[in-house]
Amino acid sequence: MNNSVTNTARLLGAGLRALLVLTLVTGVIYPLVVTGIAQALFNNKANGSEIKADGKVVGSSLIGQQGYSLDYFQPRPAGGLGANSVNTQYKLILSGATNLSADSKALIKQVEDARAKVVKDNSVPGYTVKPSDIPADAVTSSGSGLDPAISPEYAELQVHRIAAKNGLSVAQVEKLVKDHTQGRTLGFIGDPQVNVLQLNIALKDLVAKK
């Protein structure tokens, strides 16, 4: 009887010690080491790929924003699962695709309405946008609904409007787009893209220097 109680107590003590050691190693030491390495070697990515302007964090390079005036470059349409009335910088509270099929009448109308808006917004005196010139990302949302980038084609389509709205030359704005166009990852993965938030920050700085 005494041996049984002793053995049970010994096993419980060993289990408790193992629990404490593993909790310390996996719950404290390991997270601190990983966090320390991330902060030391990948500081920006570990902190959410923050984008700063005028010394303040204005967003993330990984998440698209909505609500820009027509003085700035427009992002892709945002397709999401819920509205966000708290943080108006990010219009969605739940991100996701529309899940509408390619032959959905609702999706077709969304695309047609978006195309008409792109034509209207970007046609300025001396430059008229043709519906055939509009790239797909100008009228469709991404799978997440929060794509931070647009295609160089969509950025270039907006150049004349941006130039007219901000009193800049077309050449100045075209150079701005070219300077902020990112190539394919490793030269062959994905497509060239332009981060809209970074582009608009550069545009704001360019306008301020006029």
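The values are calculated or read from the model by the stated rules, or taken from the named source; none is laboratory data. Computed from a predicted structure; not experimentally measured. As a convention, Cβ positions derive from the backbone with ideal geometry for all residues, glycine included, and neighbour counts pool all protein chains shown.
Can you tell me which residues in the stretch 1-56 are of a type in the set (Ser, Thr, Tyr) and in contact with a Leu (Cβ under 7 Å, 6 or more places away or on another chain)? Before the answer, list the steps.
If we filter the stretch 1-56 for residues that are of a type in the set (Ser, Thr, Tyr), which is where we start, we get 4, 6, 8, 23, 26, 30, 35, 49.
If the condition is that a residue be of a type in the set (Ser, Thr, Tyr) and in contact with a Leu (Cβ under 7 Å, 6 or more places away or on another chain), then Ser49 is the only one that fits.
Where the second residue is surrounded by fewer than 15 Cβ atoms within 10 Å (Cβ to Cβ) and of a type in the set (S, T, N, Q) and the first is farther than 26 Å from Asp137 by Cβ and without any contact (Cβ under 8 Å) to a residue 24 or more places away in the chain and lies in the stretch 46-65, which pairs have Cβ atoms under 6 Å and are six or more apart or on separate chains?
Taking only residues 6 or more apart or on different chains, the pairs are Ala46/Gln39.
Filter the stretch 66-100 for residues that are modelled with pLDDT of 85 or more and among the polar types (S, T, N, Q) and give the result.
Taking the stretch 66-100 and keeping what is modelled with pLDDT of 85 or more, we get 68-77.
Listed by number, the residues that qualify are Ser69, Gln74.
Restricting to the stretch 159-172, what's the tally of residues that are outside any helix (DSSP H, G or I) and either in contact with a Pro (Cβ under 8 Å, 6 or more places away or on another chain) or of a type in the set (S, T, N, Q) (or both)?
Adding up the residues that qualify gives 1.
Let me confirm something: among Lys210, Lys175, which residue is over 29 Å from Leu107 (Cβ atoms), assigned to a loop (DSSP other than H, G, I, E, B) and not hydrophobic (A, V, I, L, M, F, W, C)?
On the way: Lys175 fails: assigned to a loop (DSSP other than H, G, I, E, B).
None of the other options fit; the residue is Lys210.
Filter the stretch 108-124 down to residues that are out of contact with any His (no Cβ under 9 Å at 6 or more places or on another chain) and more than 15 Å from Gln74 (Cα to Cα) and give me whichever is surrounded by the fewest Cβ atoms within 10 Å (Cβ to Cβ).
Going through the stretch 108-124, the residues out of contact with any His (no Cβ under 9 Å at 6 or more places or on another chain) turn out to be 108-121.
Still in the running and more than 15 Å from Gln74 (Cα to Cα): 108-113.
Values: Ile108: 12, Lys109: 10, Gln110: 18, Val111: 17, Glu112: 12, Asp113: 12.
If we take residues in the stretch 108-124 being out of contact with any His (no Cβ under 9 Å at 6 or more places or on another chain) and more than 15 Å from Gln74 (Cα to Cα), then Lys109 is surrounded by the fewest Cβ atoms within 10 Å (Cβ to Cβ).
Residues Ala164, Ala149: which one is touching a residue at least 60 places away in the same chain (Cβ under 8 Å), under 30 Å from Lys210 (Cβ atoms) and aliphatic (A, V, I, L, M)? Show your work before the answer.
On the way: Ala164 fails: touching a residue at least 60 places away in the same chain (Cβ under 8 Å).
Testing whether each residue is touching a residue at least 60 places away in the same chain (Cβ under 8 Å), under 30 Å from Lys210 (Cβ atoms) and aliphatic (A, V, I, L, M) leaves just Ala149.
Restricting attention to the stretch 183-200, which residues are assigned to a strand (DSSP E or B), modelled with pLDDT of 95 or more and not hydrophobic (A, V, I, L, M, F, W, C)?
To start, the set of residues in the stretch 183-200 that are assigned to a strand (DSSP E or B) comprises 185, 189, 193-195.
After this cut, where a residue has to be modelled with pLDDT of 95 or more as well, the list is 193-195.
Within the stretch 183-200, Gln193, Asn195 qualify.
Condition first: part of a loop (DSSP other than H, G, I, E, B) and over 30 Å from Pro152 (Cα atoms). Can you find one or more residues in the stretch 15-30 that meet it?
Within the stretch 15-30, the first condition is being part of a loop (DSSP other than H, G, I, E, B), and the residues that meet it are none.
No, the stretch 15-30 has no match at all.
Could you figure out which of (1) assigned to a helix (DSSP H, G or I); (2) surrounded by 21 or more Cβ atoms within 10 Å (Cβ to Cβ) isn't true of Leu146?
Tallying (1) assigned to a helix (DSSP H, G or I); (2) surrounded by 21 or more Cβ atoms within 10 Å (Cβ to Cβ), Leu146 fails exactly one: (1).
State all residues of the stretch 123-171 that are on the phi < 0 side of the Ramachandran plot, more than 24 Å from the chain's Cα centre (by Cα) and not aliphatic (A, V, I, L, M); if no residue qualifies, say none.
Residues satisfying the conditions are Ser123, Pro125, Tyr127, Thr128, Lys130, Pro131, Ser132, Asp133, His160, Lys165, Asn166, Ser169.
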